[in-house]
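J.: Dumping the structure here so I can ask a few things about it.
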Amino acid sequence: MGQTHDSRRQFASDNYSGMCPEVAEALQHANSGHSASYGSDPWTTEANALFQEVFETDCEVFFVFNGTAANSLALASMCDSFHSVICHATAHVQTDECAAPGFFRHGLTLIPLAGEQGKLLPAAVKSAAENRRDVHAAQARAISLTQSTELGTVYLPEEIAALSKMARALGLHLHMDGARFANAVASLNVAPKQITWEAGVDVLCFGGTKNGMEFAEAVVFFNRDLARDFQYRRKQAGQLASKMRFLSAQWIGALKTGAWLRNARNANLRAQELETSLLAIPNLRIAYPRQANAVFVHLAQETFDALQERGWYFYNDVGPDGAARLMCSWDTASSDVTRLTKDIRELSS
(Lines give C-alpha, C1' and ligand atoms only; values in the text may rest on other atoms or scores of the structure.)
Protein backbone atom coordinates (compact mmCIF):
# COMPACT_ATOMS: atom_id res chain seq x y z
CA MET A 1 0.00 0.00 0.00
CA GLY A 2 3.06 2.24 -0.08
CA GLN A 3 2.66 3.78 3.35
CA THR A 4 5.48 5.00 5.56
CA HIS A 5 5.68 4.63 9.32
CA ASP A 6 2.81 6.38 11.09
CA SER A 7 2.53 6.67 14.86
CA ARG A 8 -1.24 6.30 14.72
CA ARG A 9 -2.76 2.87 15.25
CA GLN A 10 -3.96 1.50 11.93
CA PHE A 11 -6.70 -0.97 10.93
CA ALA A 12 -4.93 -2.74 8.08
CA SER A 13 -3.74 -5.74 10.06
CA ASP A 14 -3.15 -6.91 13.61
CA ASN A 15 0.40 -7.58 12.37
CA TYR A 16 0.92 -3.81 12.44
CA SER A 17 0.88 -3.71 16.24
CA GLY A 18 3.95 -3.96 18.43
CA MET A 19 4.59 -6.10 21.51
CA CYS A 20 2.33 -5.88 24.51
CA PRO A 21 4.04 -4.90 27.81
CA GLU A 22 3.82 -8.39 29.32
CA VAL A 23 5.68 -9.92 26.37
CA ALA A 24 8.29 -7.15 26.28
CA GLU A 25 8.93 -7.65 29.99
CA ALA A 26 9.26 -11.41 29.57
CA LEU A 27 11.75 -10.93 26.74
CA GLN A 28 13.79 -8.54 28.84
CA HIS A 29 13.85 -11.06 31.67
CA ALA A 30 15.07 -13.79 29.28
CA ASN A 31 17.81 -11.48 27.99
CA SER A 32 20.09 -12.12 30.95
CA GLY A 33 23.26 -14.16 30.97
CA HIS A 34 23.75 -17.43 29.12
CA SER A 35 21.33 -20.31 28.73
CA ALA A 36 21.25 -23.59 26.83
CA SER A 37 20.26 -23.37 23.18
CA TYR A 38 17.73 -25.04 20.86
CA GLY A 39 15.04 -25.39 23.52
CA SER A 40 17.07 -26.95 26.33
CA ASP A 41 16.43 -23.90 28.51
CA PRO A 42 14.15 -23.29 31.50
CA TRP A 43 11.94 -20.83 29.56
CA THR A 44 10.99 -23.46 27.00
CA THR A 45 10.28 -25.98 29.74
CA GLU A 46 8.02 -23.49 31.52
CA ALA A 47 6.24 -22.45 28.32
CA ASN A 48 5.45 -26.07 27.47
CA ALA A 49 3.99 -26.60 30.93
CA LEU A 50 1.84 -23.48 30.52
CA PHE A 51 0.38 -24.81 27.28
CA GLN A 52 -0.63 -28.00 29.03
CA GLU A 53 -2.31 -25.94 31.75
CA VAL A 54 -4.16 -23.72 29.26
CA PHE A 55 -5.43 -26.66 27.22
CA GLU A 56 -5.87 -28.99 30.19
CA THR A 57 -4.25 -31.92 28.43
CA ASP A 58 -0.92 -33.57 27.71
CA CYS A 59 -0.18 -31.87 24.38
CA GLU A 60 3.17 -31.59 22.61
CA VAL A 61 4.24 -28.08 21.58
CA PHE A 62 6.80 -26.76 19.10
CA PHE A 63 7.63 -23.06 18.65
CA VAL A 64 8.29 -21.53 15.22
CA PHE A 65 8.75 -18.01 13.89
CA ASN A 66 5.70 -17.49 11.71
CA GLY A 67 2.26 -18.76 10.80
CA THR A 68 3.09 -19.91 7.27
CA ALA A 69 5.71 -22.30 8.60
CA ALA A 70 3.43 -23.42 11.44
CA ASN A 71 0.56 -24.30 9.11
CA SER A 72 2.68 -25.83 6.39
CA LEU A 73 4.79 -27.98 8.69
CA ALA A 74 1.70 -29.10 10.59
CA LEU A 75 0.04 -30.21 7.36
CA ALA A 76 3.26 -31.87 6.24
CA SER A 77 3.23 -33.93 9.42
CA MET A 78 -0.23 -35.26 8.51
CA CYS A 79 0.24 -35.94 4.81
CA ASP A 80 2.34 -37.69 2.21
CA SER A 81 3.27 -36.30 -1.20
CA PHE A 82 0.23 -37.88 -2.88
CA HIS A 83 -2.25 -36.42 -0.38
CA SER A 84 -4.49 -33.36 -0.48
CA VAL A 85 -5.90 -31.02 2.17
CA ILE A 86 -9.47 -29.76 2.13
CA CYS A 87 -9.78 -26.10 3.12
CA HIS A 88 -12.03 -23.10 2.58
CA ALA A 89 -11.46 -21.05 -0.57
CA THR A 90 -10.56 -18.00 1.57
CA ALA A 91 -8.24 -19.94 3.92
CA HIS A 92 -4.84 -18.38 4.46
CA VAL A 93 -3.10 -21.62 3.42
CA GLN A 94 -4.90 -21.33 0.09
CA THR A 95 -4.69 -17.60 -0.65
CA ASP A 96 -1.68 -16.15 1.18
CA GLU A 97 1.03 -18.72 1.80
CA CYS A 98 2.65 -18.95 -1.63
CA ALA A 99 2.01 -22.70 -1.97
CA ALA A 100 4.08 -23.33 1.15
CA PRO A 101 2.21 -26.53 2.12
CA GLY A 102 3.31 -28.05 -1.20
CA PHE A 103 6.85 -26.81 -0.61
CA PHE A 104 7.26 -28.36 2.84
CA ARG A 105 5.59 -31.58 1.67
CA HIS A 106 6.44 -31.78 -2.01
CA GLY A 107 3.42 -32.74 -4.05
CA LEU A 108 0.83 -31.87 -1.41
CA THR A 109 -2.19 -30.13 -2.93
CA LEU A 110 -5.11 -28.14 -1.55
CA ILE A 111 -8.79 -28.58 -2.33
CA PRO A 112 -10.49 -25.18 -1.77
CA LEU A 113 -14.22 -25.23 -1.09
CA ALA A 114 -16.85 -22.52 -1.00
CA GLY A 115 -18.85 -21.97 2.17
CA GLU A 116 -20.95 -19.24 3.73
CA GLN A 117 -19.15 -16.80 6.05
CA GLY A 118 -15.76 -18.43 5.48
CA LYS A 119 -16.75 -21.77 7.02
CA LEU A 120 -16.49 -25.34 5.81
CA LEU A 121 -19.56 -27.56 5.95
CA PRO A 122 -19.37 -31.32 6.61
CA ALA A 123 -21.46 -32.19 3.55
CA ALA A 124 -19.16 -30.24 1.23
CA VAL A 125 -16.12 -31.85 2.84
CA LYS A 126 -17.62 -35.31 2.33
CA SER A 127 -18.36 -34.61 -1.32
CA ALA A 128 -14.84 -33.31 -1.97
CA ALA A 129 -13.13 -36.16 -0.13
CA GLU A 130 -15.12 -38.82 -1.94
CA ASN A 131 -14.98 -37.21 -5.37
CA ARG A 132 -11.92 -39.12 -6.58
CA ARG A 133 -10.68 -42.22 -4.79
CA ASP A 134 -8.88 -43.83 -7.71
CA VAL A 135 -5.13 -44.04 -8.15
CA HIS A 136 -5.06 -41.12 -10.59
CA ALA A 137 -6.08 -38.47 -8.05
CA ALA A 138 -4.47 -36.99 -4.95
CA GLN A 139 -6.09 -38.57 -1.91
CA ALA A 140 -7.71 -36.36 0.72
CA ARG A 141 -5.88 -36.75 4.01
CA ALA A 142 -6.69 -33.71 6.13
CA ILE A 143 -9.13 -30.89 6.72
CA SER A 144 -7.78 -27.44 7.55
CA LEU A 145 -10.14 -24.97 9.18
CA THR A 146 -9.37 -21.39 10.19
CA GLN A 147 -10.41 -20.13 13.65
CA SER A 148 -11.36 -17.33 13.56
CA THR A 149 -12.01 -17.38 9.81
CA GLU A 150 -10.50 -15.08 7.22
CA LEU A 151 -13.89 -13.33 7.05
CA GLY A 152 -13.95 -12.57 10.77
CA THR A 153 -16.46 -15.25 11.73
CA VAL A 154 -16.03 -17.97 14.34
CA TYR A 155 -16.67 -21.71 14.29
CA LEU A 156 -18.91 -22.81 17.17
CA PRO A 157 -17.79 -25.85 19.20
CA GLU A 158 -20.55 -27.96 17.69
CA GLU A 159 -19.52 -26.94 14.16
CA ILE A 160 -15.96 -28.07 14.82
CA ALA A 161 -17.22 -31.31 16.35
CA ALA A 162 -19.34 -31.97 13.25
CA LEU A 163 -16.33 -31.48 10.99
CA SER A 164 -14.29 -33.73 13.26
CA LYS A 165 -16.93 -36.43 13.11
CA MET A 166 -16.91 -36.24 9.33
CA ALA A 167 -13.10 -36.31 9.31
CA ARG A 168 -13.05 -39.49 11.37
CA ALA A 169 -15.64 -41.14 9.13
CA LEU A 170 -13.50 -40.31 6.10
CA GLY A 171 -10.19 -41.22 7.70
CA LEU A 172 -8.93 -37.61 7.71
CA HIS A 173 -6.97 -35.57 10.23
CA LEU A 174 -8.23 -32.17 11.44
CA HIS A 175 -5.90 -29.16 11.45
CA MET A 176 -6.79 -25.75 12.86
CA ASP A 177 -5.12 -22.58 11.61
CA GLY A 178 -5.40 -20.49 14.76
CA ALA A 179 -3.61 -17.31 13.72
CA ARG A 180 -6.42 -15.55 15.60
CA PHE A 181 -7.32 -18.45 17.89
CA ALA A 182 -7.25 -16.18 20.96
CA ASN A 183 -9.91 -13.95 19.39
CA ALA A 184 -12.12 -16.98 18.83
CA VAL A 185 -11.73 -18.08 22.46
CA ALA A 186 -12.60 -14.58 23.63
CA SER A 187 -15.57 -14.35 21.29
CA LEU A 188 -17.05 -17.70 22.29
CA ASN A 189 -16.12 -17.33 25.97
CA VAL A 190 -15.14 -20.99 26.16
CA ALA A 191 -12.21 -22.94 27.55
CA PRO A 192 -9.57 -23.49 24.84
CA LYS A 193 -10.05 -27.24 25.07
CA GLN A 194 -13.69 -26.91 24.03
CA ILE A 195 -12.80 -25.76 20.52
CA THR A 196 -9.68 -27.88 20.09
CA TRP A 197 -9.02 -31.41 21.33
CA GLU A 198 -12.40 -31.93 22.96
CA ALA A 199 -14.00 -31.10 19.60
CA GLY A 200 -11.62 -33.42 17.75
CA VAL A 201 -8.82 -31.14 16.53
CA ASP A 202 -5.56 -33.05 15.98
CA VAL A 203 -3.18 -30.12 15.56
CA LEU A 204 -3.58 -26.41 16.34
CA CYS A 205 -1.34 -23.65 15.03
CA PHE A 206 -1.76 -21.12 17.84
CA GLY A 207 -0.91 -17.60 16.70
CA GLY A 208 0.91 -15.20 18.97
CA THR A 209 2.26 -12.63 16.51
CA LYS A 210 -1.16 -11.09 15.86
CA ASN A 211 -1.92 -11.04 19.58
CA GLY A 212 0.81 -8.90 21.09
CA MET A 213 3.95 -10.95 20.52
CA GLU A 214 6.91 -10.10 18.34
CA PHE A 215 7.36 -13.34 16.38
CA ALA A 216 5.90 -16.38 18.07
CA GLU A 217 3.71 -19.18 16.78
CA ALA A 218 3.08 -22.52 18.46
CA VAL A 219 2.27 -25.83 16.79
CA VAL A 220 0.25 -27.76 19.36
CA PHE A 221 -0.18 -31.49 18.80
CA PHE A 222 -3.14 -33.01 20.61
CA ASN A 223 -2.62 -36.16 18.54
CA ARG A 224 0.93 -36.82 19.68
CA ASP A 225 1.45 -39.57 17.10
CA LEU A 226 1.50 -36.89 14.41
CA ALA A 227 4.37 -35.12 16.21
CA ARG A 228 6.74 -38.06 15.87
CA ASP A 229 9.11 -36.50 13.32
CA PHE A 230 8.16 -32.87 13.73
CA GLN A 231 11.43 -31.88 15.42
CA TYR A 232 13.26 -32.85 12.23
CA ARG A 233 10.77 -31.06 9.98
CA ARG A 234 11.17 -27.90 12.02
CA LYS A 235 14.97 -28.07 11.86
CA GLN A 236 15.03 -28.82 8.13
CA ALA A 237 12.70 -25.88 7.47
CA GLY A 238 14.97 -23.42 9.26
CA GLN A 239 12.40 -22.88 12.01
CA LEU A 240 14.40 -24.25 14.97
CA ALA A 241 15.55 -21.19 16.91
CA SER A 242 19.02 -21.51 18.38
CA LYS A 243 18.12 -18.96 21.06
CA MET A 244 14.78 -20.63 21.68
CA ARG A 245 14.29 -18.89 25.00
CA PHE A 246 13.33 -15.71 23.15
CA LEU A 247 10.44 -17.49 21.45
CA SER A 248 9.41 -19.34 24.59
CA ALA A 249 9.63 -16.27 26.82
CA GLN A 250 7.04 -14.48 24.71
CA TRP A 251 4.55 -17.26 25.41
CA ILE A 252 5.35 -17.14 29.11
CA GLY A 253 4.65 -13.41 29.13
CA ALA A 254 1.33 -13.93 27.35
CA LEU A 255 0.05 -17.12 28.96
CA LYS A 256 1.23 -16.74 32.54
CA THR A 257 -0.22 -13.26 32.92
CA GLY A 258 -3.40 -13.93 30.95
CA ALA A 259 -2.43 -11.20 28.47
CA TRP A 260 -3.21 -13.47 25.51
CA LEU A 261 -6.90 -13.44 26.40
CA ARG A 262 -7.06 -9.82 27.57
CA ASN A 263 -5.46 -8.72 24.32
CA ALA A 264 -7.96 -10.69 22.27
CA ARG A 265 -10.89 -9.36 24.26
CA ASN A 266 -9.77 -5.79 23.70
CA ALA A 267 -9.40 -6.32 19.95
CA ASN A 268 -12.84 -7.93 19.76
CA LEU A 269 -14.45 -5.18 21.82
CA ARG A 270 -12.97 -2.43 19.67
CA ALA A 271 -14.23 -4.24 16.57
CA GLN A 272 -17.69 -4.35 18.13
CA GLU A 273 -17.53 -0.60 18.73
CA LEU A 274 -16.35 -0.08 15.18
CA GLU A 275 -19.20 -2.13 13.74
CA THR A 276 -21.76 -0.21 15.82
CA SER A 277 -20.36 3.13 14.67
CA LEU A 278 -20.32 2.09 11.01
CA LEU A 279 -23.88 0.82 11.14
CA ALA A 280 -24.94 4.32 12.21
CA ILE A 281 -23.57 5.79 8.96
CA PRO A 282 -26.21 5.88 6.18
CA ASN A 283 -25.70 3.70 3.11
CA LEU A 284 -22.83 1.65 4.56
CA ARG A 285 -23.23 -2.12 4.46
CA ILE A 286 -21.44 -4.64 6.68
CA ALA A 287 -20.42 -7.65 4.60
CA TYR A 288 -20.16 -10.42 7.22
CA PRO A 289 -21.20 -10.91 10.83
CA ARG A 290 -18.60 -9.44 13.18
CA GLN A 291 -17.68 -12.24 15.55
CA ALA A 292 -14.02 -11.55 16.35
CA ASN A 293 -11.69 -8.60 15.70
CA ALA A 294 -12.43 -7.85 12.04
CA VAL A 295 -15.12 -5.71 10.45
CA PHE A 296 -15.82 -5.98 6.73
CA VAL A 297 -17.61 -3.03 5.18
CA HIS A 298 -18.44 -2.01 1.62
CA LEU A 299 -16.91 1.39 0.85
CA ALA A 300 -17.08 3.37 -2.37
CA GLN A 301 -13.72 3.50 -4.14
CA GLU A 302 -13.58 7.29 -3.80
CA THR A 303 -14.13 6.99 -0.04
CA PHE A 304 -11.34 4.42 0.22
CA ASP A 305 -8.97 6.62 -1.79
CA ALA A 306 -9.80 9.68 0.32
CA LEU A 307 -9.20 7.75 3.54
CA GLN A 308 -5.76 6.75 2.28
CA GLU A 309 -5.03 10.40 1.53
CA ARG A 310 -5.85 11.12 5.17
CA GLY A 311 -3.31 8.51 6.26
CA TRP A 312 -5.56 5.49 6.91
CA TYR A 313 -4.32 2.14 5.63
CA PHE A 314 -6.39 -1.00 5.26
CA TYR A 315 -7.23 -3.55 2.60
CA ASN A 316 -10.12 -2.92 0.25
CA ASP A 317 -10.14 -6.24 -1.59
CA VAL A 318 -10.52 -8.97 1.05
CA GLY A 319 -13.11 -11.70 0.74
CA PRO A 320 -15.12 -12.99 -2.19
CA ASP A 321 -17.00 -9.74 -2.73
CA GLY A 322 -14.15 -7.31 -2.22
CA ALA A 323 -15.18 -5.60 1.01
CA ALA A 324 -12.83 -3.39 2.99
CA ARG A 325 -11.36 -5.18 6.01
CA LEU A 326 -10.87 -3.15 9.17
CA MET A 327 -8.82 -5.15 11.66
CA CYS A 328 -8.58 -4.23 15.34
CA SER A 329 -5.51 -5.11 17.39
CA TRP A 330 -4.63 -5.81 20.99
CA ASP A 331 -3.75 -2.14 21.46
CA THR A 332 -6.58 -0.52 19.47
CA ALA A 333 -8.30 2.11 21.60
CA SER A 334 -11.81 3.52 21.49
CA SER A 335 -10.30 6.83 20.42
CA ASP A 336 -8.84 5.14 17.33
CA VAL A 337 -12.27 3.83 16.41
CA THR A 338 -13.80 7.28 16.92
CA ARG A 339 -11.15 8.97 14.78
CA LEU A 340 -11.54 6.52 11.89
CA THR A 341 -15.33 6.47 11.86
CA LYS A 342 -15.42 10.28 12.01
CA ASP A 343 -13.42 10.40 8.78
CA ILE A 344 -15.53 7.68 7.15
CA ARG A 345 -18.73 9.54 8.05
CA GLU A 346 -17.41 12.81 6.62
CA LEU A 347 -16.16 11.25 3.41
CA SER A 348 -19.18 9.01 2.87
CA SER A 349 -21.57 11.95 3.08
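The values are calculated or read from the model by the stated rules, or taken from the named source; none is laboratory data. Owing to the predicted nature of the structure, the values given are computational and were not obtained by experimental measurement. For neighbour counting, all protein chains shown are included, and Cβ atoms are generated from backbone atoms with ideal geometry for every residue, glycine included. Quick note on the areas: whole protein, heavy atoms, side chains included, nothing else; ligands and nucleic acids left out. Shrake-Rupley method; radii C 1.70, N 1.55, O 1.52, S 1.80 Å.
J.: In the stretch 98-138, which residues are within 30 Å of residue 235 (Cβ to Cβ), open to solvent by less than 40 Å² (accessible area, probe 1.4 Å), touching a residue at least 12 places away in the same chain (Cβ under 8 Å) and out of contact with any Gly (no Cβ under 9 Å at 6 or more places or on another chain)?
T.: Listed by number, the residues that qualify are 100, 101.
J.: Inside the stretch 255-283, can you point out the residues that are more than 18 Å from residue 189 (Cα to Cα) and either in contact with a strand residue (DSSP E or B) (Cβ under 6 Å, 6 or more places away or on another chain) or open to solvent by less than 30 Å² (accessible area, probe 1.4 Å) (or both)?
T.: Of everything in the stretch 255-283, those that are more than 18 Å from residue 189 (Cα to Cα) and either in contact with a strand residue (DSSP E or B) (Cβ under 6 Å, 6 or more places away or on another chain) or open to solvent by less than 30 Å² (accessible area, probe 1.4 Å) (or both) turn out to be 274, 275, 278, 281.
J.: I want to confirm something. Restricting to the stretch 34-67 and keeping residues that are within 20 Å of residue 144 (Cα to Cα) and surrounded by 22 or more Cβ atoms within 10 Å (Cβ to Cβ), which single residue is farthest from the chain's Cα centre (by Cα)?
T.: The residue in question is 59.
J.: From 297, 318, which residue is open to solvent by 10 Å² or more (accessible area, probe 1.4 Å) and at negative phi?
T.: None of the others qualify; the one that does is 318.
J.: Looking at (1) in contact with a helix residue (DSSP H, G or I) (Cβ under 9 Å, 6 or more places away or on another chain); (2) at pLDDT 95 or above; (3) part of a loop (DSSP other than H, G, I, E, B); (4) of a type outside the set (Val, Ile, Thr), find the lone condition where residue 242 falls short.
T.: So the condition that residue 242 fails would be (1).
J.: Would you mind stating whether residue 184 is open to solvent by 10 Å² or more (accessible area, probe 1.4 Å), modelled with pLDDT of 95 or more and either closer than 20 Å to residue 44 by Cβ or among the hydrophobic types (A, V, I, L, M, F, W, C) (or both)?
T.: Values: open to solvent by 10 Å² or more (accessible area, probe 1.4 Å): no; modelled with pLDDT of 95 or more: yes; either closer than 20 Å to residue 44 by Cβ or among the hydrophobic types (A, V, I, L, M, F, W, C) (or both): yes.
Answer is no for this residue.
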